[in-house]
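Below: the structure, in structure tokens.
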Amino acid sequence: MEESESGFPITYKNIRTLTTGTHFICNVNYTKSKKTFPFFFTSSSTTSLSLLSQIIFFSFSFFFFFFFTMQMLIDCSHCEIQLILPPNASSIRCAVCRSITYVAEPRPLPPPPSFRDHQPNLPSHNQGAHSSRYGGTVPWGPPPAGPNGRKKAVVCGISYKGAKHELKGCVNDAKCMKYLLEHRFKFPAASIIMLTEEESDQSKIPTKENIIMALHWLVHDCQPGDSLVFHYSGHGSQQEDKNGDEADGMDETILPLDFEKNGVIVDDEINDIIVRPLPAGAKLHAVIDACHSGTVMDLPYLCRMTKSGQYDWEDHRPRNGIYKGTEGGQVFCFSGCDDDQTSADTTALSRGTQTGAMTFCFIQAIEQGQASTYGTILNSMRSTIRNTRPVDGVGRVTTVLAVLLNGRSVLRGFKQEPQLTSNEPFDIYAKPFSL
């Protein structure tokens, strides 16, 4: 603590700084007089403060000046709690209610550009043979056409057998989903591609190349009236966003069987392959049971639902103008949890068989007649998971990061909240659900 010319001790409280040309003005509070006296510091200052005191004042001045000019406080658009906006950020996610608040008004939705204009290296949908981005030819032929369009599905379950991040329920998830599609929704067996480690056909092992080839097959020659399904049960993760299309700065990923050697599949790539080319009159449903999967399809709108079932559509259109919609088709994605949450691999729901919590709740809602609309199925899934407690500590969280850091899975109660995203907002309690 320093003393002034008058002998009053100076406290470094309530320092207010502003700039006037080359001068810095600091209001210093004298504790005895309860008055504020301005001190002007210039190169020719004649104050009696020591050189050390001036250095301290300048340090505080610069700190407060840059802190308050580089940081901005805004109110959350949903819960109105104050948030500190990072420099140059155009949006921020609230840590309390998980809503995204934008600094400026959202840009209008750009007109859908031609998919071919932006994907010159992808093969035409009218080509006879469909090639993968790796140069191989998809080994599966076209499925039979039905009276109301074709039904096609890619069902992928990865257990990572023998690895320290092995999962027990994902192959079971894939088998259950295939049975549901065949017997409940009448998908022909020939139009369902199963990707698991149990397949004898090497083209159906869930490697990165095979998964990407299967996704290309899914949308190849897609026509109005076609119904497509992509189900994935396995590990999910996040990585730094490289192209500026994520509000939270993170891309979501899925992890193929060979991800440690050949890398992950990023949400941008999934969107490019199966969302962008979807034509008018066709629909695609994705069911993604993985960690950090809330926006793994990179769809423009997320349905933010409360525990009471009320909802709002959250605008996730990229602020940089990148188009994430379709060529007129409809896309719906049910995912296991929010982007910052993990998904459970557990026996707590089936009371014996290891399954993914989200896949189990999705199928159960359909089988129990709670899937008349998108709203009822989402509400049913969230309620089931919220009201289920792990049995004997078997709520095993499928996060690779926890395994790699701790050498084991993390045991905890269910914290996941299934999410619904779409290429356009709609009334979730009025729109009928069907595959």
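The values are calculated or read from the model by the stated rules, or taken from the named source; none is laboratory data. The model shown is predicted, which means the values in this text are computed figures rather than measured ones. Every residue, glycine as well, gets a Cβ built from its backbone with ideal geometry; the counts of neighbours run over all protein chains shown. Ligands, DNA and RNA are excluded from the accessible area calculation, which covers all protein heavy atoms including side chains. Shrake-Rupley method; radii C 1.70, N 1.55, O 1.52, S 1.80 Å.
Some values worked out for this structure:
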item: Length released on extending from Glu199 to Glu166, taking residue separation times 0.36 nm less the Cα-Cα span; result: 10.1 nm
item: Two-site FRET efficiency, Lys431 against Ile322, from Cβ-Cβ distance with R₀ of 30 Å, rounded to 0.05; result: 0.70
item: Cross-link table Lys151/Lys178; Lys152/Lys415; Lys151/Lys204; Lys168/Lys242, entries beyond 23 Å C-alpha to C-alpha; result: Lys152/Lys415; Lys168/Lys242
item: Thr353 versus Ile81: modelled label distance in nm, points set 7 Å from Cα along the beta carbon direction; result: 4.0 nm
item: Derived scalar couplings ³J(HN,Hα) [region 153-158; Karplus, 6.51 cos²θ - 1.76 cosθ + 1.60; whole Hz; x for Gly, Pro]; result: 8, 10, 10, 10, x, 10
item: Ranked order, Val154, Val96 - accessible area, probe 1.4 Å, largest first; result: Val96, Val154
item: Listed residue pairs exceeding 23 Å between alpha carbons, taken from Lys261/Lys324; Lys186/Lys307; Lys307/Lys431; result: Lys261/Lys324; Lys186/Lys307
item: For region 218-358, with +1 on Lys and Arg beta carbons and -1 on Asp and Glu, the positive-most of Val266, Ile288, Asn320 along the dipole; result: Ile288
item: Extension gain, Thr373 back to Ser99 (0.36 nm per residue minus Cα-Cα distance, nm); result: 96.2 nm
item: Residues of region 223-332: accessible area per residue with a 1.4 Å probe, Å²; result: 30 Å²
item: Amide hydrogen neighbours beyond the local backbone of Asp339, cut-off 5 Å, H modeled; result: Gly294, Thr295
item: Charge dipole (debye, nearest 20) of region 164-307; +1 at Cβ of Lys and Arg, -1 at Cβ of Asp and Glu; result: 720 debye
item: Solvent-accessible ranking of Trp313, Trp217, largest area first, probe 1.4 Å; result: Trp313, Trp217
item: Rounded accessible area of Asp339 (nearest 10 Å², 1.4 Å probe); result: 10 Å²
